[in-house]
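Q: This structure is in structure tokens; I'll ask about it shortly.
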Amino acid sequence: MERELALEIVRVTEAAALASAQWMGRGKKNEADQAATTAMRKMFDSVNMNGVVVIGEGELDEAPMLYIGEELGTKIGPNVDIAVDPLEGTSIVAKGHNNAMAVIAVADRGTLLHAPDMYMEKIAVGKNAAGKISLLDPIEKTIDIVAEANNKRVQDLTVIIQERDRHNDLIERVRAKGSRVKLFGDGDVGAAIATALPHTGVDLFIGIGGAPEGVISAAALKALGGDMQARLVPSTKEEEERCISMGLKDPRQLLLLNDLVSGDDAIFAATGVSSGELLDGVRFLGGDLVETHSIVMRSKTKTVRYITAHHHLELKPHLLMV
Ligand code: VTB
Ligand code: MG
Ligand code: MG
């Protein structure tokens, strides 16, 4: 991939964040999502690449754009797989809560797992614990491993878990072990990535969330030198068959980081819509001035860039709320 692509991709997440942030707190999650998707789709047109969406807004019949299989870019440039979540946290934005982001992962063609829209069991850690964890270990053992790797006492370890009934047992076990539990409402991409950014203070992410989000998170963890493992959780016969048709012998097989994102060149970009673990949200500064906060990284060089940008919305009328 050409290195310029990383900065081009940030322009795409910025556009999605600028468009959807205008829907913040209006109780309209579909409109917020639509605004992000439309802005992202339009911006992709000008990016020099030959991209195919492998994780997107759904199949052709259910999503008018950014559907799985859709070709993106100018066709001049590298052949890449694209995974998008134009608005990771639609209900967050609707309610005005924290943690919403626009996210994209781009990788060499054929290297992103084509995860279907179903649940996935996931575990993620930062660099120190990379290569030492297993999703198959009991959580108590994992906590001991991560505490030692991160040079923290078990009681100082922070485990981030999505607040859902399906995690009640897990949460109780982490508490019984003595670690600190940080619950979040929505947006597990940010939660997974937080483990690999020491300033967040988050050590371990574990739980069941969306499979598409899992693959996008894996691209970021790879670029940050962290680790992730996953297992799809098909809940119907149809979902099981879907896994098998993806080439998985056992739908519930353990997926390592390299199974989620194979190859060593992946780009991850995110722009905050509302402030969260990783990024500040879109700020309306007065007049037509709007500030965005983004992170972009590439696994090949492991460079992580934080980009603050000032946009003049009057000069970007296509991003204005309709
Ligand atoms: C998950 C998680 C996402 O929505 O998909 C979640 O990966 C849906 O979980 O980050 P529920 O079915 O329990 O609501 C997000 O939190 C936001 O898209
Ligand atoms: Mg989405
Ligand atoms: Mg999502």
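The values are calculated or read from the model by the stated rules, or taken from the named source; none is laboratory data. Note that this is a predicted model, so its numbers are computed, not measured. Please note: Cβ atoms are built from the backbone with ideal geometry, for glycine as well, and neighbour counts cover all protein chains shown. Protein only, heavy atoms only, side chains kept; ligands, DNA and RNA dropped before computing areas. Shrake-Rupley method; radii C 1.70, N 1.55, O 1.52, S 1.80 Å.
Q: On alpha carbon coordinates alone, what is the Rg over Rh value for the chain, Rh being the Kirkwood radius?
A: Result for the chain is an Rg/Rh of 0.96.
Q: Mean-square fluctuation check for the chain, GNM, Cα pairs under 10 Å: which of T90, T142, T37 is largest?
A: Answer for the Gaussian network model of the chain: T142.
Q: While we're here: Calculate the dipole size of the chain relative to its Cα centre from +1 charges on Lys and Arg beta carbons and -1 charges on Asp and Glu beta carbons; express the result in debye to the nearest 20.
A: Its charge dipole is roughly 880 debye.
Q: Using a 1.4 Å probe on the protein heavy atoms only, what accessible surface does Y119 show? Give it in Å² to the nearest 10.
A: My reading of the accessible area for Y119 is about 110 Å².
Q: Something else: With the crude spin-label approximation of a point 7 Å out along Cα→Cβ, what separation in nm comes out for R3 versus S245?
A: 4.2 nm
Q: Sorted by average packing, counted as other Cβ atoms within 10 angstrom per residue and highest first, what order do 194-200, 291-297 take?
A: So the peptides 194-200, 291-297, ranked by packing, come out 291-297, 194-200.
Q: Roughly how many nanometres apart are two label points built 7 Å out from the Cα toward the Cβ at F284 and N151?
A: Using points 7 Å along Cα→Cβ, the separation is 4.6 nm.
Q: Right, something else. Per residue, how much accessible area does the chain have with a 1.4 Å probe, in Å²?
A: Ligands and nucleic acids excluded, the figure is 43 Å² per residue.
Q: A further question follows. Can you compute the label reach from V322? Point 7 Å from Cα along the Cβ direction, backbone N cut-off under 20 Å, restricted to segment 76-114.
A: Backbone N within reach: 86-87.
Q: Roughly what angle does helix 139-149 make with the longest principal axis of the chain, taking Cα atoms, 0 to 90 degrees, to the nearest 10?
A: Taking the Cα atoms of the chain, the angle to 139-149 is about 80 degrees.
Q: Extent of segment 186-322 along each principal axis, from alpha carbon coordinates, in Å, largest to smallest?
A: 56, 36, 26
Q: Something else about it: Can you figure out the FRET efficiency of K42 with S134, using R₀ = 45 Å and their beta-carbon distance, to the nearest 0.05?
A: 0.60
Q: Taking loop as defined by DSSP and a crowding limit of 14 other beta carbons within 10 Å, which GluC sites (Glu not before Pro) in segment 5-70 fit?
A: For GluC sites (Glu not before Pro) across segment 5-70 that sit outside H, G, I, E and B with at most 14 neighbouring Cβ atoms in 10 Å, the list reads E59, E62.
Q: Who wins for biggest fluctuation among P138, P251, P234 in a Gaussian network model of the chain, springs between alpha carbons below 10 Å?
A: Highest fluctuation of the listed residues: P138.
Q: Can you work out the Karplus-derived ³J(HN,Hα) for every residue in segment 20-34? Use 6.51 cos²θ - 1.76 cosθ + 1.60 with θ = phi - 60°, whole Hz, and x for glycine or proline.
A: 7, 4, 5, 9, 4, x, 9, x, 10, 6, 5, 5, 4, 5, 4
Q: Now for a different question. Taking the Cα centre of segment 13-72 as origin and charging only Cβ (+1 Lys, Arg; -1 Asp, Glu), how large is the dipole, in debye to the nearest 20?
A: With Lys and Arg at +1 and Asp and Glu at -1, about 360 debye.
Q: Hey, another quick one. Given H placed 1.01 Å from N in the peptide plane, which residues other than close sequence neighbours of Y67 have an amide H under 5 Å from its amide H?
A: So Y67 has HN proximity to E57.
Q: Leaving ligands, DNA and RNA out of it, report the carbon-plus-sulfur percent of the accessible area of segment 8-83 at a 1.4 Å probe.
A: For segment 8-83, the apolar C and S fraction of the accessible surface comes to 46 percent.
Q: Rounded to the nearest 0.05, what FRET efficiency do K237 and D264 have when you use their Cβ-Cβ distance and R0 = 35 Å?
A: It comes to 0.45.
Q: State log₁₀ I(q)/I(0) for segment 47-112 at q = 0.12 Å⁻¹ as given by the Debye formula over alpha-carbon point scatterers of equal weight, solvent excluded.
A: -0.35
Q: Quick one: what are the phi-derived ³J(HN,Hα) couplings along segment 4-11, Karplus 6.51/-1.76/1.60 with θ = phi - 60°, whole Hz, x for glycine and proline?
A: 4, 4, 4, 6, 5, 5, 5, 4
Q: What are the ³J(HN,Hα) values, in whole Hz, obtained from phi via the Karplus relation 6.51 cos²θ - 1.76 cosθ + 1.60 with θ = phi - 60°, for each residue of segment 221-227 in sequence order, with x given for Gly and Pro?
A: Along segment 221-227, the couplings run 5, 5, 5, 8, x, x, 9 Hz.
Q: Taking every DSSP beta bridge that has both residues in segment 114-207, what percent is antiparallel when rounded to the nearest 5?
A: Percent antiparallel among DSSP bridges in segment 114-207 is about 35.
Q: Follow-up question, since we're still on this one. Under unit Cβ charges (Lys, Arg +1; Asp, Glu -1), what dipole magnitude, rounded to 20 debye, does segment 224-322 have relative to its Cα centre?
A: 200 debye
Q: Next question, about the same structure. Rounded to the nearest 10 degrees, what's the angle between the helix 168-177 long axis and the longest principal axis of the chain, both from Cα atoms, 0 to 90?
A: 60 degrees
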